[in-house]
Each structure stands twice: as structure tokens, then as C-alpha cells.
Amino acid sequence: MQNFPLRVNKIIDHAAKYHPKREIISRDFKGEINHSNWKEIHQNAKKISKSFQKLGIKKGDVIGVMAWNNRRHMELVYSIPGCGAINHTLNPRLFVGQLIYIINHANDKILVIDLDLIPIIEKIIEKCPSVQNVIIMVDEKNMPETSLKNVICYDELLNENDGDFEWVSGSETDACGICYTSGTTGNPKGVVYTHRSNCLHALISGSPDMLSLSSTEKIMPVVPLFHANGWSIGYTAPMMGSSMVLPGNDLSPAALYELLEKGTTITAAVPTVWLLLLNFLEEKKLSFSSLKRVVIGGSACPRAVIEKFQEKYGVDVLHAWGMTEMSPLGTVCSFKPEILKLNKTEKLNIQETTGHPPFTVDLKITNDNGEDLPWDGKSQGKLWSRGGSVVKNYLKNNENLIDNDNWFDTGDVATIDENGYLKITDRSKDVIKSGGEWISSIIIENAAVGHPDVAEAAAIGVFHPKWDERPILVIVAKPNKNPDKESILLEISKHVAKWQVPDDIIFLDEIPHTATGKISKIALRDKLNNDNYKHPEIK
Ligand code: ADP
């Protein structure tokens, strides 16, 4: 057979040749909705690639991109690797110190940024000596005044050449992208994706038991392209010839709903986004006319969210688990024949798991001695993974992340059932251990948000003289609601054993989050320590 190096630019070549007319809908910085297609994105990507070369970018150079999901960002997904460079996605929600750290650590030569993010870069640019140019993703007419030096308008680059450009060739194991994990401890760590890992990953994540994408689908990634390799949707959608809807910087429920109603068939984001959208739909008495499936991952999806999407709105939920280090897909909860036979409640129980892995992803769970645990849906242990799109080591970091058999410690704690369905019960560092027994903070939190007046919940372990640790629960109530402790504890006691029910509930106006929108248990513990909080039994 022929040798066919897996290079991501072949994906956009394919989309432009075989799916040229598939629509790309994109919200711009003014809130206006623009229309494009794969042919145009391909042409523009070639033009920008050529411009990068003219700016002196060479094979292996790193280009930082701080941008929302929009048309120009999709062009960068291909123009950067197309000239042999590496696409470093920057999360604008990172703390300034972390942004400076990762720009320097990755050695970004050029930054390409959205218009509304200029103030962030103006603040830090002096501390980023490797950056030679800043490109603003805007047309010439709207190019703003800025204190930044060596600034270039994106559309000026687009218009300066004809796009007659051959993608730079290379090996399939060349670096193609970098994404830093949000770093809840220490400095963020860089995960480097190769052309090969991204192609393989797009192939598997588009497959029927995963996202099941095709040319008849229109996918809206609400999950930003800068989170965990953008859940790979920027590669999977054009590979499968799907249409795309890009929400720009307006992630308000009203704006998302407007775009979902533009023929979107599948969408993807973390649970918080969907909690807000479901509240909005309920309040405005709206429903979906084209949406069929919603991918939910990044943190555990509450049962109440799955139930509401399916029962009330007729939209199937695909609960997924993954991590930046895995490109990110690990598992998706689609139904095997054994599950299709079950009744509605039993199916919902299964959907609280994150499902099963695709080809190339391998999983195991072990006890504290490293021995394999049975797949009985009950035994909780350390979760390990390995595969063609799983990390080996972090960028410029000597630590070897895998053992001799390629197993990577995910830092998650999980069970796997007899059908191979994975359920994440905790992150190792967040686990609550009471009298030597693990209590799943995720089960407690999901039960708590099942209470109609609870907006957000976080369970953490606090010191207890007898049990070592006991769970307590931090709650943020829905606006204008005042849930009482008893009714919340009653709701939780329907889902867990008596000894696992939290001993106390604390009401806060806000729970601290990480830059990827997850509850930061570390910051929450710090807050409770600062407030001198102690278990109620400690006098
Ligand atoms: P970060 O840790 O930087 O926020 P990641 O997206 O890489 O970003 O986080 C991966 C982690 O998110 C996983 O290791 C796991 O703890 C958690 N996670 C992802 N999806 C789920 C899920 N469906 N259920 C529970 N936890 C999840």
C-alpha cells in the first residue's frame, strides 16, 4: 500500500475538494452572523500560511492564538501547521502570570488575537520578549488604535497575496499544536499534539459510537478551540464534511440559542453552559427545531441535565470524558446493544457514566498496590490510559509520564462496569476519604444540583478527629431562591448511603472556578481555611 503521511492539512484539502459548499456560520466581534464554507476557509488558510512565511516563520516555530471560535480562528487551525509552524492556543481566562509563563515557555514568535482581547496582550507584551508581531483578527476598516508595537491587520495579510501556496511538507510526527492544561497546581503544563495524533484522533472522534459526524451534520462547538485541543472539533468537522457554527465571543444563552436555531444538529460544551441554557429555555418557553444531540464533558454531567435534554426537549445527550493530555477524547456514552434493551431509568443510570472508549484508547483501573481492579461497576481505583493520541511527556519537562507499558496515570478515580462503561467518581486530589472509605464528591454534587433551587454545588472533605475526613457541601443558590439545608440533604440522601451524606452545608454567593470553568477545589479549600471553617463537631 501507499504511504499516506497523516498531516492535518490533508483534512482541509479534503473538505475543500469534496465538501466545498458546506456552510460555516460565524458570529463576528460586532455580534453579526457571517457565512462562509470549507472552500473559502481553505483558500484563506493558504493565503495566511504564505503571509506567515513572509513574516519569517520557519518550520517548528510557535504561533500563539488567543481567539474565540470564529471563521478566522478556523483558518488559523490550518494556516499555522500549513507553513510548518505549531499552533499554541491561549486561554484568555488564564491569570495574567500564567499567560506570560506559557507564552515564554512555548516561545511564541507571533500572537494572533481577537479584537476584544487586545487589552490583555497590551498588559503583558513587555514581559513576552519572543513575540515579534501581533496580528489582530479583524478587517482593515475596524483596525483599532493600540499601544502594541509591530501590529498587523489579519485581513491585510489575507488581501496581500493570491493563496498560491504549497503546504510545507514534513513527517506525520511533527508537532502541530500545543495546549497547556489549566494548572490547578504549579505552572501550566504544555501538551504537544502531532499531525498524526490529531488526524488519528479526528478519525476516531467522528466515528459512529463517538460524535458520529457526517456531511449531513451541522456542529456548533461552544467549547472553545483553546480548551483541550478544542475537543478536536476543528479537525473532525472538516474531515467528516460537516457544517460548522461558530459562536464567537457571545456565549450568553440567548445568543447560543439563536445559533442553535440556524440548523445546528449537534453541539458540545461543559455542563455549566447547558445548565444556563436550559434555565433560559424554560424561562422563555422555547424549544429546539433542529438540534438532535449534545455532547457534554469536561466535568461530570448532572443526571438532571441529561433528563431534561432528553425528556423535555427530545435531544440525546452524549456524556463524554477526556483530558487535554488525551487530545482529549477518552470515552463517550453511546449505547451498546446490551444498553438499548434497558428501560428508561436504567438507561439514565448508564448515561451518568461516561461510556466506552474508541479504537486506539485503552483503559484500566488499579488499586493502591497497582493491581488491576475488576470491571464490576463498583470497584473504584486509579484510572490509567494509553493510546495513539495520549501524552508521553509535557513540553520541555523531563518527567516521564508513562510506565513501561505506556500507561499514563490520568489522576482520575473511576469504576468500569462489565460492559466497559467508565464512571469517573473523583479526581485523585479531590477525593474524600472518610474512615478509609472513598466518598464520591461527584455523586454528591450531582444529587445536590438535582434540587430545584440549587445552581451549583461543590463537595469537599474537611478534617474530622474520628473519621479523618468528612464531606461537607458548598452551595450556590439559584437567583432569588433560598433552599434550606434539610431539603438539600434529603435530596442527596436519595442517591448515596447514609454515611456519605455531607455533615454540613455552607451557602456562598460564588464558588471559585479554574480558567477552564471547573470548580477549583483548591481555591475553595483555601477560602474555607481563611474563613477558619471547621467541621461542626470540632468545638
Ligand atoms: P483542566 O484539568 O486543565 O481543566 P482538562 O480538560 O484536561 O482540563 O481536564 C480533564 C479532567 O476533567 C479529567 O481528568 C477529569 O478529572 C475531568 N473530566 C472530564 N470529563 C469529565 C466527565 N465527563 N466526568 C467527570 N470528570 C470529567
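Taking other C-beta atoms within 10 Å as the exposure proxy, LYS47, LYS341, LYS189, LYS262 rank LYS341, LYS262, LYS47, LYS189 from fewest upward. As a proxy for reagent exposure, PHE507, PHE288, PHE52 were ordered by neighbouring Cβ count within 10 angstrom, fewest first; the result is PHE507, PHE288, PHE52. The slack in the chain from SER487 to LYS141, taken as 0.36 nm per residue of separation less the alpha-carbon distance, amounts to 118.9 nm.
A full extension of the chain between ALA523 and SER130 corresponds to an added length of 138.3 nm, given 0.36 nm per residue minus the alpha carbon distance. Across every pair of non-identical alpha carbons in the range 200-347, the mean reciprocal distance, once inverted, gives a Kirkwood radius of 15.5 Å. Extension gain, ASP409 to LYS364: 0.36 nm times the residue separation minus the Cα-Cα distance gives 15.2 nm. Kirkwood-type hydrodynamic radius, the range 19-167: 15.5 Å, calculated from all non-identical alpha-carbon pairs. By the Kirkwood approach, averaging reciprocal distances over each pair of separate Cα atoms, the chain gets a hydrodynamic radius of 24.2 Å. Across the alpha-carbon set of the range 110-242, the Rg to Rh ratio works out to 1.01, Rh being the Kirkwood radius.
For the range 409-447 and the range 1-41, write down the distance between their C-alpha centroids in whole Å. The two parts, judged by their Cα centres, are 39 Å apart. Counting neighbouring Cβ atoms within 10 Å and putting the fewest first, the residues TYR421, TYR101 line up as TYR101, TYR421. The residue among ALA16, GLY230, PRO188 whose Cα reaches farthest toward the positive pole of the charge dipole of the chain, with charges on the beta-carbon of Lys, Arg, Asp and Glu, is ALA16.
Entry for the range 388-470 at q = 0.14, 0.23, 0.25, 0.27 Å⁻¹: log10 I(q)/I(0) = -0.71, -1.09, -1.15, -1.22, Debye formula applied to identical alpha-carbon scatterers, no solvent contribution. Lysine pair count for the range 128-287 with Cα-Cα distance under 26 Å and sequence separation of 8 or more or different chains is 6.
Each helix, a run of at least 4 DSSP H residues, gives -39500 (n - 2.57); summed and divided by the residues of the chain, these come to -8000 deg cm²/dmol at 222 nm.
The alpha carbon convex hull volume per residue for the range 252-336 rounds to 102 Å³. Relative to the Cα centre, the charge distribution of the range 392-530, modelled as +1 at Lys and Arg Cβ and -1 at Asp and Glu Cβ, gives a dipole magnitude of about 240 debye. Shape analysis of the range 439-480 based on the Cα gyration tensor places the equivalent ellipsoid semi-axes at 23, 10, 6 Å, largest first. Would you mind checking LYS392/LYS518; LYS308/LYS521; LYS378/LYS433; LYS341/LYS364; LYS39/LYS292; LYS308/LYS478 for any pair whose Cα atoms are more than 20 angstrom apart? Listed pairs above 20 Å: LYS392/LYS518; LYS308/LYS521; LYS341/LYS364; LYS39/LYS292.
Applying 1/(1 + (r/R0)^6) with r as the Cβ-Cβ distance of LYS378 and ASN3 and R0 = 45 angstrom yields a FRET efficiency of 0.45.
A short reminder: the numbers here are calculations on the coordinates, not readings from a lab. All values reported here derive from a predicted model rather than from experimental measurement. Using ideal geometry, Cβ is built from the backbone for each residue, glycine included, and neighbour counts are taken over all protein chains shown.
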